[in-house]
Amino acid sequence: MQLGSLAFVFTVALFSTHAFADPLQKSEDIVKFFDAASEFGPSRGICVGTEEECNSKNKQAPAKKTSLDMLINFGLDSAELDATARAELDEFAKALKDSRLSTLNFVVEGHTDASGSADYNEGLSERRARSVTTFLTSNGIDPARIKATGLGEAKPRNPNPFDPVNRRVEMRIRTE
């Protein structure tokens, strides 16, 4: 009986670990998201019609998201990519090689929680962003297409400044 229980625990652990390392986003989903998001273009504020018509059109147009949550998270005081992050970034690299995204450039934004000083967190967030860009360039992505930047603890995902979910990297379309 103990052998059967041990086999069950091993099987659960094996499949749990495998599932944990599988990417949440597949490259085709990433391509579709950023391909659609890239169509927003810079607005010039031109509208043909009456002031009332133009105002109503502007109110109806929801802002398009230009970043995708790929769950590239980090441990406390770490810029190392774990298995889950590497699996997500493999899919992101595949997506960037797709012809539909070949003209887009991206900003890789590093973030931290509030542990540590503001100066330290700024540096840590930059190391996190560079960790991701290094991974992407080692997987065939042109370094000119990706720019690393650190934002420290300035833009938390969760209002609790110490929440581990704030230790992350996000990828956005570069519009500059």
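Sequentially through the stretch 71-88, phi angles give Karplus couplings (6.51, -1.76, 1.60; θ = phi - 60°) of 6, 8, 10, 9, x, 4, 6, 10, 10, 7, 8, 8, 4, 5, 4, 5, 5, 4 Hz, Gly and Pro residues having no value and appearing as x. Ranked by the mean number of other Cβ atoms within 10 Å per residue, highest first, peptides 99-108, 126-135, 72-81 order as 126-135, 72-81, 99-108. Mind checking Rg over Rh on the stretch 96-146, alpha carbons, Kirkwood formula for Rh? Across the stretch 96-146, the Cα-based Rg/Rh ratio is 1.11. Scanning residues 5 or more positions from Ile72 or on other chains, those with amide H under 5 Å from its amide H are Val169, with H placed 1.01 Å from N in the peptide plane.
Values in this text are rule-based calculations from the coordinates and carry no lab data. Since the model is a prediction, treat every value here as computed from it, not as a measurement. As a convention, Cβ positions derive from the backbone with ideal geometry for all residues, glycine included, and neighbour counts pool all protein chains shown.
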